[in-house]
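Okay, so here's the structure we're looking at.
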Amino acid sequence: MSETNINAALVSAATAALGSGFTGRIAFEGRDFTPPVSGKWAAIFNLRAGIDVVTLGVGGQDEHSGVLQIDVSVSENSGTGTLLTDADALRAYFVAGKYFTYSGQDVLVRHCDVSSIRQIDGYLRVSASVTYTARSTRPEI
């Protein structure tokens, strides 16, 4: 299924982009997670925007689009340096035009934006928003 493979490609890429410093400190959709009391942690969300028809008929192409949101959080009063360093690393990893592939499904990065730093639930947070597209072949009915 293309939605499964698209999501797997994105989550795998986000995990790789975050690196080993986030091992065991990543909240994934649909999984229980308790944020650590100290240190940094991340959360990954696939915000699907929909599917557009690219070509008609059986075996035609559909284009899936959305935003992969990666939130990086640190304890309040930790300063902004760590967050800005992580934001720079995510922007450098998710370069426009880069492809990620999972089980034969390609996902294309259109661009990556970084939010301002904000305070949420006792943490400082910055978000990287990776706009993506992926094509899939429409199955026979």
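The values are calculated or read from the model by the stated rules, or taken from the named source; none is laboratory data. This structure is a prediction, so every number in the text was calculated from the model and none was measured. For neighbour counting, all protein chains shown are included, and Cβ atoms are generated from backbone atoms with ideal geometry for every residue, glycine included.
Could you run through region 42-86 and say how many residues are touching an Asp or Glu at 6+ places or on another chain (Cβ under 8 Å) and among the aliphatic types (A, V, I, L, M)?
Within region 42-86, residues that are touching an Asp or Glu at 6+ places or on another chain (Cβ under 8 Å) and among the aliphatic types (A, V, I, L, M) number 8.
Could you list, in sequence order, all residues of region 108-126 that are farther than 21 Å from Pro36 by Cβ, aliphatic (A, V, I, L, M) and surrounded by 19 or more Cβ atoms within 10 Å (Cβ to Cβ)?
Going through region 108-126, the residues farther than 21 Å from Pro36 by Cβ turn out to be 108-116.
Among the residues that remain, those that are also aliphatic (A, V, I, L, M) are: 108-109, 114.
Within region 108-126, Val109 is the sole residue that qualifies.
Evaluate the following for Ala43: is it over 13 Å from Ala134 (Cβ atoms), small (Gly, Ala, Ser) and either in contact with a helix residue (DSSP H, G or I) (Cβ under 6 Å, 6 or more places away or on another chain) or modelled with pLDDT of 95 or more (or both)? Working first, answer last.
Values: over 13 Å from Ala134 (Cβ atoms): yes; small (Gly, Ala, Ser): yes; either in contact with a helix residue (DSSP H, G or I) (Cβ under 6 Å, 6 or more places away or on another chain) or modelled with pLDDT of 95 or more (or both): yes.
Taking the combined requirement at face value, the residue satisfies it.
Of everything in region 91-138, what is more than 30 Å from Ser75 (Cβ to Cβ), assigned to a loop (DSSP other than H, G, I, E, B) and touching a residue at least 60 places away in the same chain (Cβ under 8 Å)? Give them in sequence order.
Scanning region 91-138 gives Ser103, Gly104, Arg138.
Could you please let me know if Ser73 is assigned to a strand (DSSP E or B), of a type in the set (Ser, Thr, Tyr) and farther than 20 Å from Gln105 by Cα? Step through it out loud before you land on a result.
Details: assigned to a strand (DSSP E or B): yes; of a type in the set (Ser, Thr, Tyr): yes; farther than 20 Å from Gln105 by Cα: yes.
So Ser73 fits the description; yes.
Quick check on region 58-69. Is at least one of its residues over 19 Å from Ala128 (Cβ atoms), among the β-branched types (Val, Ile, Thr) and touching a residue at least 40 places away in the same chain (Cβ under 8 Å)?
Of all residues in region 58-69, those over 19 Å from Ala128 (Cβ atoms) come to 58-64.
Filter once more, so that each one left must be among the β-branched types (Val, Ile, Thr): 58.
Still in the running and touching a residue at least 40 places away in the same chain (Cβ under 8 Å): 58.
Yes, the conditions are met somewhere in region 58-69.
Ser129 fails exactly one of the following numbered conditions: (1) buried (at least 16 other Cβ atoms within 10 Å of the Cβ); (2) under 21 Å from Phe28 (Cα atoms); (3) modelled with pLDDT under 95. What is the number of that condition?
So the condition that Ser129 fails would be (3).
Filter region 1-50 down to the residues that are assigned to a strand (DSSP E or B) and of a type outside the set (A, V, I, L, M), then identify the one that is surrounded by the fewest Cβ atoms within 10 Å (Cβ to Cβ). Break it down into steps so the answer makes sense when it comes.
First, the residues of region 1-50 that are assigned to a strand (DSSP E or B): 26-28, 41-50.
Subset that is of a type outside the set (A, V, I, L, M): 28, 41, 45-46, 48, 50.
On the way: Phe28: 15, Trp41: 22, Phe45: 18, Asn46: 18, Arg48: 14, Gly50: 9.
Per the criteria, the residue is Gly50.
Listed here are the residues, each with its yes/no results for (1) acidic (Asp, Glu); (2) in contact with a strand residue (DSSP E or B) (Cβ under 7 Å, 6 or more places away or on another chain); (3) closer than 23 Å to Ser2 by Cα.
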| position | (1), (2), (3) |
| --- | --- |
| Glu63 | yes, yes, yes |
| Val67 | no, yes, yes |
| Tyr99 | no, yes, yes |
| Leu108 | no, yes, yes |
| Pro139 | no, no, yes |
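Determine, yes or no, whether Gln105 is at pLDDT 95 or above, more than 13 Å from the chain's Cα centre (by Cα), surrounded by 14 or more Cβ atoms within 10 Å (Cβ to Cβ) and not hydrophobic (A, V, I, L, M, F, W, C).
Working: at pLDDT 95 or above: yes; more than 13 Å from the chain's Cα centre (by Cα): yes; surrounded by 14 or more Cβ atoms within 10 Å (Cβ to Cβ): yes; not hydrophobic (A, V, I, L, M, F, W, C): yes.
Here the answer is yes, as Gln105 does meet what is asked.
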